[in-house]
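All of the numbers you see were taken from the coordinates with simple rules; none came from a lab. These numbers were taken from a predicted model, which means no experiment stands behind them. Cβ atoms come from the backbone with ideal geometry, glycine included; neighbour counts cover every protein chain shown.
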Amino acid sequence: MQPKTIVQFAAAAALGAMMSTTAVAGPDDDSLIIAWGSAGPIENVDSYVNNTRYGIWFSRMVWDQLIYREPKTFEYKPLLATGWEQLGDTVWRFNLRKGVKFHNGEPFDADDVVFTLNWVANPENGVKVQRNVNWIKDARKVDRFTVDVEMKRPFPQAFEFLSGPITIYPNEYYAEVGPEGMHERPVGTGPMRVVSVKTAEEYVLEKNPDYTWGSPKGEAQVSRMVVREIADVQTQIAELLAGGIDITADISADHVDQIGGVPGFSAMQAGTMRTGYIGFDAANRSGHEAINNPMVRQAIAHAVDRESLVRNLIRGDAGVIHTPCFPTQFGCDENAAVTYQFDPEKAKALLAEAGYPDGFEIEFYTFRPADWAEAVMGDLAKIGIKANLTKMPYFALRDKQRNEGTTPMFLMDWGSYSMNDMSAITSHFFKKGPDDFALDDELAAWLEAGDTNTDPAVRKENYAKAIERITGELYWLPMFNHVRNYAFHEDLNFVGYADEIPRFWQYGWK
Amino acid sequence: MSGDNILEVQNLKVDIPVTAGMLHPVRGVSFTVARGETLCIVGESGCGKSLTSLALMGLLPKTAIRTADRMDFLGQDIRDFKERRMAALRGVKMAMIFQEPMTSLNPAYTIGNQLMEVYRRHISKNGSEARARAIFLLEKVGISAAASRLSQYPHQLSGGLRQRVMIAMSLMCGPDLIIADEPTTALDVTIQAQILHLLAELQDEFEMGMILITHDLGVVARVADQVQVMYAGTTVEEGPCQAVFDNPLHPYTAGLLRCIPVPGKAKRGSKLGSVPGIVPNLVGDLQGCMFRNRCAHASSICETLSGEPTRIDDGHAFTCRLTPEEAAKTAAVQGVA
Amino acid sequence: MTDASPSSQPSLRIAEEILEPSPMAKLRRRIFKNYSFLIGAFILVLIVSIALLAPVLEASGWIQDPYAQDLSKRLNNPFWHEKKFDADHILGTDKVGRDYLSRLVYGAQISLLIGFSTMIISGFIGTVLGVSAGYFGGRIDMVVNFIINTRLAMPVFLVAMAAVVAFGASLLVVIMVLGLFLWDRFAVVMRSITMQARDLDYVKAARALGCSTPYIIVREIFPNVLSSLTVVATVEMANAILLEAALSFLGFGVQAPTPSWGLMLNEGREYMFFSAWLLALPGGCLFLLVLAINLFGDGLRDVALERER
Amino acid sequence: MLVYALKRTFVAFLILIVVSGLTFSLSHLSTDPALTIGGENASDEDIEAIRILYGFDRPVYEQYFSWLGRALQGDFGESYHYKAPVVEMISGRIGTTMTLGVAAILFALIVSIPLGTVAAMRPNSLIDRFALLIAVLGQALPTFWFALMMIIVFGVWWRWLPISGNTTWAHFVMPTIALGYYATPALMRLTRAGMIEVLASDYIRTARAKGLSPTSILFKHALRNAIIPVVALAAVWFGFMLGGSIVIETIFNLKGIGWLSYDALLRSDLPVVQAIVLIFASFYVVLTLSADLLNAYLDPRISVR
């Protein structure tokens, strides 16, 4: 029975692949053509093997999680699990939905969940983002539609992961084909099913006709979808304007104004929880004496006109952020943060007090478009700090930071993998891991307590202390939350979400 | 002889526009060539003899302007022939052998290819026929193992052999007229004689007319029937070989004859004679005798001399202010200064 | 490979022999008849003087500080637009509100600096290699030939990008990388010309007289190769400028906020469909500069060739 | 001749080894690949473990020789980022680059040889001047800029041609022109110069004296000799073009090895960069070698030397 369905599925898919290449932009043929890829293509669409933003977008179309997190209110709702209860500090029991089928016809049941969770929990299987899964001890089948999941330690953020990166795979198929096969022909329960995958070039998907069980994600609004990996944003825009694609999600804020003004097209901005910050080498690995002085860092905090930067460059519903996390995230208490207002005079005074009345020179690093950094540099120049910008590719910069430590000051950002919990950002950077450039033992201890305690109140308390320390000592100067900018055919029903995940299957034609 | 003329040329002129004005390298040359007869055109480099031959073939550079009162070849007036009609004559009816055997063959193709190409173009597409003809002619020009030579490239042959190939090539279609432009200048002295001998033989055998352009009076003496002596674009003396050699009338001819190199001792490629002075500028309106600035007998008359030749008997003529008697005397005594 | 002039036809060769004017008069005539040389030289002088005078222009208020930014005046339009135009910025402003004209003017400095420094470095390397190979021949020639071929086998653009990633992008790194890569043509040309020069009679004579090798190279060989050296130098300078632009365009070139034309192209590209001048202006400047250098070099070659004949 | 060919091959091989050694040290001296392999969340211990596993703790020359040893057996390692064998990644993408490169060089030849020939046949004519103008302007036009202009005009304004991708031949039109035009000035000048020289040569005069047709003179006798240096130059340019395809592939979203090298550089994915450099270098070396051989075929004089 099972092999037969796999064969049938493969045959159907092959047939689909043959007819696949034709999809026309615009509302006429019930198809949607998407362009993404400016940050590089998805190396493997198996959602456990890549860690790109586009990989997340793709996975939401093809796979489902146990739990659904409502994108506006961040409430948890049933998805593949219909209900759950906690059996002690480290065990959750999930009741599974009946009547759900994978794209290859394999019915969804406890075996799939148990297999998936145990597979990803095993470090030898090489899940790329280990912190997404390394809290799982194991999963056990209770009956055909009930599963127990045991955690290695009390893990309050578990639902963030179970509603985010942890997608449920079909056990028989995945055991047979592994990540390679899952890449070539992904199979899930999601609203879209994959017709063909051409690595780094194109993915063709079609509506999953079986997605009728009332999923909160909703059914697909188009019958066919083509995703094109286009590395160059300008090429994406050219394609959009030339009628080659329907929507792009990679453009800049200025493009929003410009494309929005073109008849036939709409553009919009949607704020995200991606948090930008200026990081400082507080642990003094770079040997830059001035930046090691908290007073100098305060001077910088007062010198940078974040409001103007947000208003002029980022725009949309971006705002200045004062916390080393995104305010909607659990534990991210804005009141705990020490805030710094734009005040060049005060900055100059602080700088003089710190012993640098004439300012100093500093190397400044970023991987983002230079204009944001240039705006910061312009402000710093006004108080006498001459920042020399080095813009590097992301991986080269991270390498320089971690291994050489020669980056006294850097403008970077973190998207928290769209997880609405402060541990996804602050704990990543300040728990003395490879990305920790403050190396504050006390801070690390507070964060550890916040990460592992099951009592929300205790967590909040510890996180608040951490926020106060980070902003008080200015290990980071939080800057603003990023905005994702979209441009699309004007007849498309587009909605932007704060978790930086466009739900492409929900967008239909007017 | 005159009844069997294959080429009659009257008042042939070549003009070339250059930046400084109009250059007149050939200024009114006339001659005839009869079947089986050899006409030698003699003169220094730059006297216009090569351009004369190119003008006959229609191979002048594009910028050059050719005019003539008469140019009859095999009874056809070829003055107004367009490139296509000329091309139909060249290689078939009139063929040319050039001075530089080293560079006159295309390095990219075999000898056989280049030989047969003329035949196939003009006579017959039949490859084996052309091949047979090529082998026949290669043997004719004294090349051993002719068949195997066909597949050789020019760079594999010596200069003498290449010139033999060139001769064979010119004969491929059995032309009526062969123009040989200093065919031996670039060759070793020993080979020069062989080639000339060969040319003369072949001409005899195939009953062709031949124009041999040379600056080597020794050669002329051996092979010429008629001689034209050219200087600065004009004919200064012409006539049957015997008459010109025995009785040179123009001071220039006399000067040339004085300095015939002793065969075998002259260096290869050495310039003809040593008539002192330089060739005049041929740009612009030219008047009078061009030789006057090098001539021991020049007088004011020479500056306005019309250029009409003085005719003596037997087609012997020369262009000079001197009377034949005066000329004969001075030539015998003094020649040039 | 040089253009064969029609004078290689026998008849015209005669004509030219007859018409030989004095060498200097001929050179002069060649220069003034050579429009490409004149046009190239004119544009080049213009750009160089603008680049050199940029600080003066800034001091006298014609242009502004190319680094002075004002976020509230970003992306102003140039003078041919009525909307969002500010008389302070004739050619508008860039995306952080810097005066575009000033950046273009200062950009000339950067492009020329890159072109010139690269040319000096690569010219030095290439000439040393080429001249020694050509002069000494034998084993040295073999080794130099190998080095040249190795260099030619390296995909310049890719390796330059890798080098920039490795050493971090900066003006200095870009100049060094290009300088270390673009010497091949110098070496090839110098080698063959030195070989020819080595066999000239007076060079042979100098050797026979026992002149020292450095003396011969500097006094006898070098004057012979100078004209070709200049021609290759112009080609390489143009090449270096284009390569820098391409590197900057992909983000592997000089760092912001340096006003480099290549970087401005990179930045202006974001607006190519809507504010095309942000792309067109630096692109046009780059085009003009490279065109001028090429014309100048072509003219120089013609003039030099004519003289050598 | 055989000795000569063997010697040339040996030298070519040596060149490749030196090139690969240079790029290897260039890339490995400066970046730490362990981090790229470890990914975002690797701890210091993980990275240390990777370092030892992959041998990054050994001296660079040791790493190089072990890499070289494997490369000689056709094993270029595994991409740090894609976790796939480099050979597979490249073989899947090289077709696009080759298609583009071949099309571009053909385009360049198709434009430059006729134009150069016509220009040479009528020196200083209108066509000659026009050709010269194109050459001068073309050389000063940055490739990427020209590519963008084409996208704006033919892609967006007029919508004549598809902008990105590689699914049909039409997708290759703009990239081909953008990549190919840059080689045309050099090739055209060389054709023109060579043609002028050849047309003035004695053997062309001979051919005319033989009464051959103008077509035969032009195509059989003149062009063949004139394009010998052009063929050599085109081979060299083809090598350059493969390198230049980085920009073009990025702009037109052609996912060939040019794009792959760009992507790999951004990710410090050294095995991929390393292999592509070596492939480009091999192309150059093989092409120059075959250009020599082709020349020897076209011009029999060469093989004697």
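For region A:398-510, count all C-alpha to C-alpha pairs, find those more than 24 Å apart, and express that count as a whole percent of the total. Walk me through the numbers before you get to the answer.
Working: 2639 of 6328 pairs.
The calculated P(r) of region A:398-510 puts 42 percent of pairs beyond 24 Å.
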Item to check | region C:206-309 - Rg and Dmax from Cα coordinates, angstrom | outcome: 20.4, 71
Checklist entry - Over chain D, what number does the Rg to Rh ratio reach, with both radii from the alpha-carbon atoms and Rh per Kirkwood? => result 1.07
Item to check | Expected-Rg normalisation [2.2 N^0.38 Å, Cα atoms] applied to region A:67-173 | outcome: 1.02
Item to check | Choice from C:PRO55, C:PRO214, C:PRO78 showing the highest fluctuation, given a GNM over chain C with Cα pairs closer than 10 Å | outcome: C:PRO214
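Using the Cα atoms as the points, what is the convex hull volume per residue of chain B in Å³?
Details: hull volume 45.9 nm³, N = 337.
Convex hull volume per residue, Cα atoms: 136 Å³.
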Checklist outcome for this item: Cα extents of region A:130-249 along the principal axes, largest first, in whole Å, come to 54, 30, 30
Item to check | Span from the region A:373-434 Cα centroid across to the region B:75-147 one, whole angstrom | outcome: 81
Checklist entry - Taking the DSSP beta bridges in chain B as the whole, what percent of them are antiparallel, to the nearest 5? => result 60
Checklist outcome for this item: Extension length gain for A:GLU289 and A:LYS77 (0.36 nm per residue less Cα distance), in nm, is 71.2 nm
Checklist outcome for this item: Extension length gain for D:LEU289 and D:GLU62 (0.36 nm per residue less Cα distance), in nm, is 78.7 nm
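Could you work out the Kirkwood radius for region A:323-471, taking every pair of different alpha carbons, averaging 1/r and inverting it, reported in Å?
Details: mean 1/r = 0.0589 Å⁻¹.
17.0 Å is the Kirkwood radius here.
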Item to check | More than 66 Å apart - percent of Cα-Cα pairs taken over the protein assembly as shown | outcome: 29
Checklist outcome for this item: Amide H contacts under 5 Å for B:ILE178, restricted to residues at least 5 apart in sequence or on another chain and with H modeled in the peptide plane, are B:ALA95, B:GLY209, B:MET210, B:ILE211
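How large is Rg/Rh for chain A, to two decimals, with Cα atoms and a Kirkwood Rh? Each step should come with its number before you reach the end.
Details: Rg = 23.9 Å, Rh = 24.2 Å.
Ratio value, two decimals: 0.99.
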Checklist outcome for this item: Per GNM of chain B with C-alpha springs under 10 angstrom, the most fluctuating residue out of B:SER30, B:SER53, B:SER128 is B:SER128
Checklist entry - How much net charge surrounds D:LEU148 when only the other residues with a Cβ under 15 Å from the Cβ of D:LEU148 are counted, with Lys and Arg +1 and Asp and Glu -1? => result -4
Checklist entry - With point charges of +1 on the Cβ of Lys and Arg and -1 on the Cβ of Asp and Glu, referenced to the Cα centre of the protein assembly as shown, which listed residue (D:TYR61, B:LEU51, A:ALA158) lies farthest in the positive direction of the dipole? => result B:LEU51
Checklist entry - Using the beta-carbon distance between B:PHE136 and D:ILE110 and R0 = 41 Å, what value does 1/(1 + (r/R0)^6) give for FRET efficiency, to the nearest 0.05? => result 0.40
Checklist entry - Which part of region A:385-415 falls in the paramagnetic zone of A:GLU353, meaning amide N under 20 Å from the point 7 Å along Cα-to-beta-carbon? => result A:385
Item to check | Relative contact order, percent, region C:87-288 [alpha-carbon distance under 8 Å, six or more residues apart] | outcome: 27
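What whole-number value in cubic angstrom gives the convex hull volume per residue for the C-alpha atoms of region A:294-334?
Details: hull volume 3.2 nm³, N = 41.
Considering the Cα atoms of region A:294-334, their hull volume per residue is 79 Å³.
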Next on the checklist: Taking the Cα centroid of region B:198-214 and of region B:36-56, what is the distance between the two, rounded to the nearest whole Å?
Outcome noted: 15
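Just to verify a number: FRET efficiency for B:GLU325 and B:ASP4, C-beta to C-beta distance, R0 = 45 Å, to 0.05? Present the calculation step by step, with values, prior to reporting the outcome.
Values: r = 34 Å, r/R0 = 0.75.
Plugging the Cβ-Cβ distance into 1/(1 + (r/R0)^6) gives 0.85.
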Item to check | Positive-end residue of B:PRO101, B:THR63, B:MET22, charge dipole of region B:14-164 with Cβ unit charges | outcome: B:PRO101
Checklist entry - Could you give the nm distance between label points at C:PHE146 and A:ARG315, where each point is 7 Å from its Cα heading toward the beta carbon? => result 6.0
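Can you work out the FRET efficiency for the pair B:SER300 and B:ALA20, with r the C-beta to C-beta distance and R0 = 41 Å, to the nearest 0.05? Walk me through the numbers on the way to the answer.
Details: r = 27 Å, r/R0 = 0.66.
Computed FRET efficiency for B:SER300 and B:ALA20: 0.90.
To one decimal place, what Kirkwood hydrodynamic radius in Å is obtained for region B:165-230 from all pairs of distinct Cα atoms? Please report the intermediate quantities before stating the final value.
Details: mean 1/r = 0.0815 Å⁻¹.
The answer is 12.3 Å.
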Checklist outcome for this item: Once phi for every residue in region C:262-267 is put through the Karplus expression 6.51 cos²θ - 1.76 cosθ + 1.60 (θ = phi - 60°), the whole-Hz ³J(HN,Hα) values, with Gly and Pro written as x, are x, 5, 5, 4, 4, 6
Next on the checklist: I want to check the label-to-label distance for A:ASN388 and C:PHE85. Put each point 7 Å from Cα in the C-beta direction and report it in nm to one decimal.
Outcome noted: 4.0
Checklist entry - Dipole magnitude of the protein assembly as shown about its Cα centre, charges +1 at Lys/Arg Cβ and -1 at Asp/Glu Cβ only, in debye to the nearest 20? => result 4580
Next on the checklist: Roughly how far apart, in whole Å, are the Cα centres of region A:92-134 and region D:79-104?
Outcome noted: 34
Checklist entry - Roughly what angle does helix D:224-251 make with the longest principal axis of chain D, taking Cα atoms, 0 to 90 degrees, to the nearest 10? => result 40
Checklist outcome for this item: Output for region C:87-288 (equivalent-ellipsoid semi-axes, sqrt of 5λ from the C-alpha gyration tensor, Å, descending) is 42, 17, 12
Next on the checklist: Among D:SER261, A:SER31, D:VAL19, which residue has its Cα furthest toward the positive end of the charge dipole of the protein assembly as shown, with +1 on Lys/Arg Cβ and -1 on Asp/Glu Cβ?
Outcome noted: D:VAL19
Item to check | Low-density loop cleavage sites - chymotrypsin sites (Phe, Trp or Tyr not before Pro) in region A:157-211, where at most 15 other Cβ are within 10 Å (DSSP) | outcome: none
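Quick check on the protein assembly as shown: helices-only [θ] at 222 nm, where DSSP H runs of length 4 and up contribute -39,500 (n - 2.57) each and the sum goes over total residues. Nearest 500, please. Please list the in-between numbers first.
Numbers: 51 runs with 692 residues, N = 1461.
Roughly -15000 deg cm²/dmol at 222 nm, from the helical runs in the protein assembly as shown.
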Checklist entry - Size of the dipole of chain A about the Cα centre, Lys and Arg at +1 and Asp and Glu at -1 on the beta carbon, nothing else charged, in debye to 20? => result 600
